[in-house]
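Read-outs throughout are calculated quantities, based only on the coordinates presented, and are distinct from any laboratory measurement. Owing to the predicted nature of the structure, the values given are computational and were not obtained by experimental measurement. Cβ sites come from the backbone with ideal geometry, for glycine too, and all protein chains shown count toward neighbours.
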Amino acid sequence: MNIGFIGSGHVGQALASLFAQAGHSIVLSNRHGVTNLQDVIARLGNSNIKAGTIEDAAAQEIVVLAFPFNTLSQVQPELLEGKLVIDATNYFPKRDGDLPKFIDHKIATSQYVANYFTGSRVVKAFNSFGVVDLPQLSALPAAKKIALPIAGAANDKTIVKNLIIAIGFVPYDAGELKDSFKIQADSNIFGFEGTRPELIAKLKG
Ligand SMILES: NC(=O)c1ccc[n+]([C@@H]2O[C@H](COP(=O)([O-])OP(=O)(O)OC[C@H]3O[C@@H](n4cnc5c(N)ncnc54)[C@H](OP(=O)(O)O)[C@@H]3O)[C@@H](O)[C@H]2O)c1
């Protein structure tokens, strides 16, 4: 599949590498343009990964949001109309500002993102632990594979589940975006790296 990234830092680069190794075509983007990303492209060293503008990334079949939550309003929602969007962002009050609607769980952060990108199909994924661990964890044998929780509408999650399987993880379906508090950055599973049964036990605990 053709996958665009809006944001090409830790998350963008880690996921781009894994997706590219699985045979997908990647466009990385940031606010500073294609030239600025050339060193990153050279370092990643996979011909499936190219740099593009934010518009180029947004034009791909799937678009991953991989920027700090507090820059959301800088991305034009119209760019992503009709797209399958993977929300990998996390809200942290210290970094993103004290916003009671998130702190008090008036709305799940990814539901807020989905409301912002009206006309897009948003799936929450790849948020639950540090991406620095993804490469080594992706190579674990079948019985030890790590579960990655996702949330969103049933039809939209199927493609994301297949992406997760293709890069060596097990998807765990955590339901709809409106209920995704249980897998967001202030939940008890944040930072947890475990198999599917271990994740289920942690969610219950
Ligand atoms: N790091 C992790 O392990 C991890 C794990 C799961 C989830 N997350 C979440 O994923 C998101 C990204 O984290 P990160 O660690 O990858 O951050 P990062 O390393 O700081 O990278 C952020 C990237 O986003 C770009 N950017 C910022 N605002 C943008 C905008 N409005 N439009 C386009 N590009 C923009 C930045 O480049 P320019 O400044 O050049 O535009 C940079 O390429 C955050 O919400 C974070 O909480 C992080």
Give a residue-ordered list of calculated ³J(HN,Hα) values for segment 122-131 (Karplus: 6.51 cos²θ - 1.76 cosθ + 1.60, θ = phi - 60°; whole Hz; x for Gly, Pro). 9, 10, 7, 7, 6, 9, 8, 8, x, 5
As a check on your grasp of the helix formula, calculate [θ] at 222 nm for the chain: sum -39500 (n - 2.57) over DSSP H runs of n ≥ 4, divide by the residue count, round to the nearest 500. -8500 deg cm²/dmol
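So, with +1 on the Cβ of K and R and -1 on the Cβ of D and E, and no other charges, what is the size of the charge dipole of segment 76-205 about its Cα centre, to the nearest 20 debye?
It comes to approximately 300 debye.
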Between rounded, prolate and oblate, where does segment 52-112 land on the alpha carbon gyration tensor, with a ≥ b ≥ c its root eigenvalues, rounded for a/c under 1.5, else prolate if a/b exceeds b/c? prolate
Cα-centre dipole for segment 1-109 with unit charges at Cβ (Lys and Arg positive, Asp and Glu negative), debye to 20: 260
Hey, what's the Cα Rg ratio for the chain versus the globular rule of thumb, 2.2 N^0.38 Å? 0.96
Please arrange Leu37, Leu163 by counting, for each residue, the other beta carbons lying within 10 Å of its beta carbon, fewest first. Leu37, Leu163
Proximal charge balance of Lys83 [Cβ under 9 Å; K/R count +1, D/E count -1]: -1
Exposure proxy ranking, count of Cβ atoms within 10 Å, fewest first, for His24, His105, His32: His32, His105, His24
Just need the relative contact order of the chain here, percent rounded to a whole number, with Cα pairs under 8 Å and 6+ apart. 18
How would you rank Asp186, Asp87, Asp96, Asp39, going from fewest to most other Cβ atoms within 10 Å of each one's own Cβ? Asp39, Asp186, Asp96, Asp87
Max mean-square fluctuation residue, GNM over the chain, Cα-Cα springs under 10 Å, options Ala14, Ala59, Ala142: Ala142
Which percent, nearest 5, of DSSP beta bridges in the chain are antiparallel? 5
Within the set of other residues whose C-beta is less than 13 Å from the C-beta of Ala59, count the net charge using Lys and Arg as +1 and Asp and Glu as -1. -3
